[in-house]
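The block underneath contains the structure these notes are about, expressed in structure tokens.
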Amino acid sequence: MNFKRKLLSFTYIFLLPAIVLAQSPKTPAFKLVPLGVLGGIDESNLSAYMLAPTGSNNYICLDAGTLHYGIEKAVANKTFNVPAGTVLRQYIKGYFISHSHLDHIAGLIINSPEDSTKTIYALNDCIETIKTHYFTWKSWANFADQGETPALKKYHYKVLEPGTETAVENTGLKVQAFPLSHSNLTSTAFLVNSNDNYLLYLGDTGPDEIEKSSNLQNLWQAIAPLIKSKKLKAVLIEVSFPNEQPDKTLFGHLTPKWLMTEINKLATITGTDAIKGLNIVVTHLKPPVTSISKIKTQLKAANKLQLNLIYPQQGRALNF
């Protein structure tokens, strides 16, 4: 009897570490630091998200509407334990700009005198607008290595080819760009790869039905296998207006109704079980506060697929 007890005790002690390891949550693949989360008129809180592999300070910045104020908030929240200038100059290794509207690039332009040398990644149309309208000597100063002379050569332009994965210098990340339709402008979705783990960030986009486009459908087809295999850790996607906004004045944006319409299309490809619990980070909510409250209420009511809806807060890190 004593021998049996000793054997059971030995077996329990031997197996316990394996059991605990099996039950432990997986280590997150990404650290996401929102520097700006809203659309609209608040210039201190416009779309910008720093993203790095977990355990690394080598970030890319997905859009750059607000930089300095967002970094200061992150430092105040102890998301970073170094000065804001260090985060700007040393932690951010490159910018991925979804489109050329000011609420997605103003922070990059304003902070350029204090920034360090790095690359701006975008689709060709976006690069051309930056080159000919923003980094010019009439608008600001040409901090890039192309365009008007004299070129100060702080930033290098890298034109992304849709569907081609691009390695990001000094980060270990790879990014693939997908075109989106944003009214009369091409926007971009960025699919970020870190060691075969993925995060998807969408710039401003309207629904395919309103935009007379198949861009979102093409994107859903591309990411469906990653959802099925549980490799896609989160989707950052905009919802700018509540459902009361008329379709004719969406101007290339989504409402709760249209977001769920598009996610339901995605679910028809992946199956509803695969998409259940998917992290959906809701971005670009436009003030006033009453509209933002309506958006959240309407999304909650429409969340039949049991998505994990997340509302990012400026300067507070999220892990996926």
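The values are calculated or read from the model by the stated rules, or taken from the named source; none is laboratory data. Note that this is a predicted model, so its numbers are computed, not measured. Virtual Cβ from ideal backbone geometry, glycine too; neighbours counted across all protein chains shown.
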> Mind checking which residues of the stretch 25-58 are of a type in the set (S, T, N, Q) and either part of a helix (DSSP H, G or I) or at pLDDT 95 or above (or both)?
Replying inline: S44, N45, S47, T54, S56, N57, N58
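Take the residues in the stretch 109-130 that are assigned to a helix (DSSP H, G or I) and among the acidic types (D, E), then tell me which one is farthest from V192 (Cα to Cα).
Keep residues of the stretch 109-130 that are assigned to a helix (DSSP H, G or I), which gives 109-114, 124-130.
Filter again for among the acidic types (D, E), leaving 114, 125, 128.
Working: E114: 27, D125: 21, E128: 23 Å.
Going through the qualifying residues, I end up with E114.
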> Q217 passes all but one of (1) part of a loop (DSSP other than H, G, I, E, B); (2) touching a residue at least 40 places away in the same chain (Cβ under 8 Å); which number fails?
Replying inline: (1)
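Only residues that are over 17 Å from N197 (Cα atoms), in contact with a Leu (Cβ under 8 Å, 6 or more places away or on another chain) and buried (at least 16 other Cβ atoms within 10 Å of the Cβ): list them for the stretch 266-280, please.
First pass over the stretch 266-280, keeping only residues over 17 Å from N197 (Cα atoms): 266-273, 276.
Subsequent filtering for residues that are in contact with a Leu (Cβ under 8 Å, 6 or more places away or on another chain) retains 267, 272, 276.
Within the stretch 266-280, A267 is the sole residue that qualifies.
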>> Quick test of your reading of the structure: A274 fulfils all but one of (1) assigned to a helix (DSSP H, G or I); (2) in contact with a strand residue (DSSP E or B) (Cβ under 6 Å, 6 or more places away or on another chain); (3) within 26 Å of K26 (Cα to Cα). Name the failing condition by number.
In response: (2)
> Given the structure, is L108 within 18 Å of D204 (Cα to Cα), surrounded by 20 or more Cβ atoms within 10 Å (Cβ to Cβ) and without any contact (Cβ under 8 Å) to a residue 60 or more places away in the chain?
Replying inline: yes
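So in the stretch 81-100, with the set limited to residues that are without any contact (Cβ under 8 Å) to a residue 12 or more places away in the chain and of a type in the set (S, T, N, Q), which one is farthest from D63 (Cα to Cα)? Break it down stepwise before answering.
Initial filter on the stretch 81-100 (without any contact (Cβ under 8 Å) to a residue 12 or more places away in the chain): 81-83, 86.
Now drop any that are not of a type in the set (S, T, N, Q), which leaves 81, 86.
Values: N81: 23, T86: 19 Å.
It comes out as N81.
Taking S187, is it at pLDDT 95 or above, of a type outside the set (V, I, T) and assigned to a strand (DSSP E or B)?
Details: at pLDDT 95 or above: yes; of a type outside the set (V, I, T): yes; assigned to a strand (DSSP E or B): yes.
Here the answer is yes, as S187 does meet what is asked.
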>> If L67 meets every condition in (1) among the hydrophobic types (A, V, I, L, M, F, W, C); (2) within 18 Å of Y134 (Cα to Cα); (3) surrounded by fewer than 20 Cβ atoms within 10 Å (Cβ to Cβ) apart from one, which number is that one?
In response: (3)
> Which condition number in (1) at pLDDT 95 or above; (2) part of a helix (DSSP H, G or I) is the one that A22 fails?
Replying inline: (1)
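Can you spot a residue in the stretch 78-93 that is crowded, with 16+ Cβ neighbours inside 10 Å, of a type in the set (F, W, Y) and in a helix (DSSP H, G or I)? Walk me through it before giving the result.
Of the stretch 78-93, the ones crowded, with 16+ Cβ neighbours inside 10 Å are 79-80, 84, 87-88, 91-93.
Then keep just the ones that are of a type in the set (F, W, Y); that gives 80, 91.
Pick out the ones that are also in a helix (DSSP H, G or I) and you get 91.
Within the stretch 78-93, one or more residues are crowded, with 16+ Cβ neighbours inside 10 Å, of a type in the set (F, W, Y) and in a helix (DSSP H, G or I).
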